[in-house]
Amino acid sequence: MQKSINNEQDRPKQIAAELRLRIEDVHERAGLIKMLTDLLKTHFNFNGIFIQSVDPHTGTYYPFLIDHHSKARDLNEFKALSNTRASLQDPIVCDAMKAKHSFVVALKDFASMAAVPYWIKINFEYGIRKGLVTPLRIKDEVVGVCYIWFDNQDPFQEGLADVMDAISLDLGFAVSNTMINEMLTRREWSNELLFAFSRDLAEVKTREDLSRAVTDGLKKLITFNDFFIIELVPDEAHPNFIFSSLLLEAAELQWLYTNSFIKDLFRETADLNMPLIFQLSDFETTDPPLCFGSRGNEKSEELLLKILPGSSGSQFGLILVSNKTNVFDLSDRALILRISGHLATAVSNVVMHEELARREKDKEILLAFSHDIASVRNKDDLRKAIEKVSGQLSSIARFVIRGINDDQETMTIYIYDDKVKKGVEENGQQFILNKVFPLNDGISEVVLAGNETMVFELQEWIDAGKASSCIHFWRGLGAQKCVATPLKTGGRNLGIFWVDSEYPDVKMIGSICAQISIAMSNILANEELLKFKQRLEVENEYLQEQIRQIYNSSEIIGTSSAMQEVYQLMSLVANSNASVLIQGETGTGKELIARGIHESSQRKNQIMVKVNCAAMPLNLIESELFGYEKGAFTGAYEKRIGKFELAHRGTLFLDEIGELPLEVQVKLLRVLQEREFERLGGKVTIKVDVRIITATNRDLKKEVDAGRFRSDLYYRLNVFPIQLPPLRERREDIPYLAHFFLGRYSKNHSFKVTGISAGTMNELKAYSWPGNVRELEHMIERSVLLSTTKNLTKVYLPDSKAGDCAGSVDMNNLESVERQHIIEILTRCNGKVSGKGGAAELLRLPSSTLNSKMKKLGITKSSVVK
Ligand SMILES: Nc1ncnc2c1ncn2[C@@H]1O[C@H](COP(=O)(O)OP(=O)(O)OP(=O)(O)O)[C@@H](O)[C@H]1O
């Protein structure tokens, strides 16, 4: 009995001794709990064993071993629970820390507490009612707590508490050693993986390489579901998305670009070197990115975030995402910290390689563009070249070039692409493509003042009430953001390149604009040249015409007091820009006076352009005055400038103004008032600087009164009237004029006619000259032609019966005049027809022609006066 009592009393010691022996052979968790449970079960009745590890440095404890019978293993949260640390202040644990021996707890005392630890609650729910709690101490320090769970059995059965007290030190060592072993094994293992991972990272060039390295390498070291790598560029409104292990929908990607969630996340950690762990539920965001929210049954719960240093001020961020809470721990943070340098280098390498590839591609695109630009000859070529390059660049969705007009104050759309054309057509706004916009619209002048590309968030400008026509134009076409780049060459502003661009590549657009500017300036120069050529052609044609007239109008003859008065008026008005209206009978010299005024004015180095308003049909006079655009009317195959443009900076002489149709009078009035007009069929307003001189032989005032001439136009033209007197009112000028014309026309005669007989002059002075100076001029010309003597003795006035020669000439019979003239010449040549000194020579006719004429006119040798 004694023996059996002794045996009974020794039993716990024996069990403890056996346990100690076995503990020495166990080095890992699974073996330890199995051995402990199996051996104790052969001697005692209990439900399960649970050992917690204690970390006095952090004041926390966490599950270390749960026996394989435990129902807790069936829990969904089991894995999460086994990674959960809790405070040493928790009930039961807190008593165990102070206890020297095993003690019994009744779970019902705790199960109803408000903040009861989860593991107590779970055990109570599974039917556990009591527990034998054994602190595991090494010297004075508790390294763990062991729980043996019971439903209704006696925890003190057959000396279990003694056994536990007896092995508590050994069990403490076993727990501690196992942990150290695990830690060493894990460190070795993670070192190897880390080494392999960093080796992989060093070779990363593309996003795909990076993704593969992180997925293959990091996933072996840390448990996570997804990851993101993001670049935070200073001053950028949103992060630049580098990689996501998730397949993101376009809308989600867009979301990430535009929301501030990630930015806020990074702001929290920006200055910290340590990786941080966030619970998504900690963020006050009602609208987290979809990829962080629910995805099917999965829901992102926890993030581990580490800022990685980047180049040129930018930072990268690595975000590991877990679908469970409390997954990331201190060791994960330490690991990320160790590898972050390699990760940063790998990400920088990816960015650098992409940048290099992008630059290479940009260079190729620019090179091809400059080839295309070199062969651009006109607007259409330029449009095609820009359309081609914008098709290769995502940063140009649509474009428009607004060109500055010649007036330097307005702009019109110069070139636009097909998409813009379709857009305006859909909006029914085609008119806008030909509209003239003021340059001074609050935006264009700012863009043109600089050299940089400006970015416009359209709605913001509209909301701020600062939007100009171009902002409304793009917004009307549905654009969100636009960029505007000035087009200029050698400091000269040519226009603005407007681009609809959601993600503008300002640098690339700038380079393209440099090329566009050159092309545009070449096109403009070509157009200018063409314009100049056309102008020269018209000018040349006109000058030829003028040369034919010039010799008639080089000198104004007349010293009469009436003409003196005219000269006085001419000198008064010449240097002003005032419009002059010259009135007088036909042939009084109105054009001559107009030319005289022009020649004496400051405009004399430019041309005086004459338009005879009476000589043109109504439909032509308009195009003659204002020019026309190609296609303005049937037959307008080419653009042609009008007389107004031709006379720019010179004088426009509108002869016979009284004949101008009323329809054209209105247009003329507008030009005189505003000094601007449009070509027929043209949209662009042309400004001219022209001095107007008009002439008429009608009484313009009477025409106004009769309603045939607009009074407003009359007053505009009649600023400075000059009335030319008829020749009959200044007969004293007749001798001067007659001699002047005699000199002019005798030059062409076979011999010089140098004088006019007194009788003839008297005749001239007595005549009424209804055709005025022109009539006198023609009369002298004819008389010189018919004169056979050096002194003009005969003039052929319409009503004169005879000159001072014998035998009158029938003025109505040209043949008799011709007959008489030939006879006179033959007489002078003593009847010699051909040969040197013969009549044919004098008359500059072939002798055969003269002979046949003589035959026809019945001239024989006997006709010659001896
Ligand atoms: N004072 C003058 N001195 C010299 N030539 C003159 C003078 N006046 C007129 N003429 C000459 O007379 C001709 C007619 O002159 P001009 O064409 O200037 O007259 P006009 O009044 O314009 O005629 P119309 O009303 O028919 O157009 C021209 O050849 C011109 O050179």
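Bear in mind these aren't lab numbers, they're just calculated from the coordinates by the rules spelled out. Being a predicted model, the structure only gives us computed values, none of them experimental. Virtual Cβ from ideal backbone geometry, glycine too; neighbours counted across all protein chains shown.
The calculated FRET efficiency for the pair ARG774 and GLN602, based on their C-beta separation and a Förster distance of 30 Å, comes to about 0.50.
Each Cα pair under 8 Å and six or more residues apart adds its separation to the average, and for the range 375-529 the resulting relative contact order is 25 percent.
Would any residue of the range 608-631 have its amide N under 20 Å from a label point 7 Å out along Cα→Cβ of TYR637? List them or say none. Zone members listed by number: 620, 623-624, 627-631.
Less than 5 angstrom separates the built amide H of ILE756 from those of LEU792, all sequence-distant by 5 or more or on a different chain. In the range 771-796, which residues have a backbone nitrogen under 19 Å from the label point lying 7 Å from ALA758's Cα in the Cα-to-Cβ direction? Answer for the range 771-796: 790-795.
Computed on the range 375-529, the Cα convex hull volume stands at 107 Å³ per residue. Across the options LEU797, THR685, ILE167, the greatest Cα extent toward the positive end of the charge dipole of the chain (unit charges at beta carbon of Lys, Arg, Asp, Glu) belongs to LEU797. Among GLN14, LEU201, THR696, flag the residue with its Cα farthest along the positive direction of the charge dipole of the chain, charges on Cβ as +1 for Lys/Arg and -1 for Asp/Glu. Positive-most Cα among the choices belongs to THR696. Can you list the lysines whose alpha carbon is less than 17 Å from that of LYS855, not counting same-chain residues fewer than 8 positions off? Hits, sequence-local ones excluded: LYS832. The range 708-727 and the range 136-215 have their alpha-carbon centroids 116 Å apart. Two numbers describe the Cα atoms of the range 596-683: Rg and Dmax, which are 13.4, 41 Å. What list of whole percents do you get for P(r) of the range 551-725, with Cα-Cα distances grouped in 10 Å bins up to the one holding the largest distance? Calculated P(r), rounded to whole percents: 10, 38, 35, 15, 2, 0. Under the convention that each Lys and Arg Cβ holds +1 and each Asp and Glu Cβ holds -1, the size of the dipole of the range 100-240 around its Cα centre is about 240 debye. Charging the Cβ of each Asp and Glu at -1 and of each Lys and Arg at +1, and nothing else, the dipole of the range 375-529 about its Cα centre rounds to 320 debye. With contacts taken as Cα pairs under 8 Å at a separation of at least 6 residues, the range 623-732 carries a relative contact order of 27 percent. The aspartates and glutamates within cross-link reach of LYS856, meaning a Cα-to-Cα straight distance under 20 Å and a gap of 8 or more places when in the same chain, are ASP810, GLU815, GLU818, GLU824, GLU841.
Any idea how far the Cα center of the range 556-585 sits from the one of the range 81-132, in Å? About 126 Å separates the Cα centre of the range 556-585 from the one of the range 81-132.
Taking every C-alpha pair closer than 8 Å and separated by at least 6 residues, the mean separation divided by the residue count of the chain gives a relative contact order of 6 percent. Computed extension length for ALA374-LYS702: 111.8 nm, one decimal, from 0.36 nm per residue of separation with the Cα-Cα distance subtracted. Remark: the chain carries a charge dipole of roughly 5480 debye about the Cα centre, counting +1 on each Lys and Arg Cβ and -1 on each Asp and Glu Cβ. Dimensions of the chain along the principal axes, based on C-alpha atoms and rounded to the nearest Å, stand at 203, 60, 38, largest first. Placing unit charges on each Cβ (+1 for Lys and Arg, -1 for Asp and Glu) gives the chain a dipole about its Cα centre, and among TYR767, ILE49, HIS342 the Cα reaching farthest toward its positive end belongs to TYR767. Here VAL104 and ALA334 are evaluated by their C-beta separation; at R0 = 35 Å the FRET efficiency comes out at 0.30. Computed from phi, the 3J(HN,Hα) profile of the range 210-226 under the Karplus parametrisation 6.51, -1.76, 1.60 (θ = phi - 60°) reads 4, 4, 5, 4, 5, 5, 6, x, 5, 5, 6, 9, 10, 8, 8, 9, 9 Hz, with x in place of Gly and Pro. Here's the list of lysines a cross-link from LYS794 could span, going by alpha-carbon distance under 16 Å and ignoring same-chain residues fewer than 8 apart: LYS752, LYS765.
Placing dummy labels 7 Å off each Cα toward the beta-carbon, the span from VAL684 to GLU527 is 0.4 nm. The slack in the chain from ALA202 to ALA115, taken as 0.36 nm per residue of separation less the alpha-carbon distance, amounts to 26.4 nm. Using the Cβ-Cβ distance between GLU426 and GLU460 with R0 = 25 Å, the FRET efficiency computed as 1/(1 + (r/R0)^6) comes to roughly 0.50. In the structure shown, the pairs LYS435/LYS481; LYS363/LYS388; LYS388/LYS630; LYS108/LYS130 are assessed against 20 Å; a Cα-Cα span above that value is assigned to LYS435/LYS481; LYS388/LYS630.
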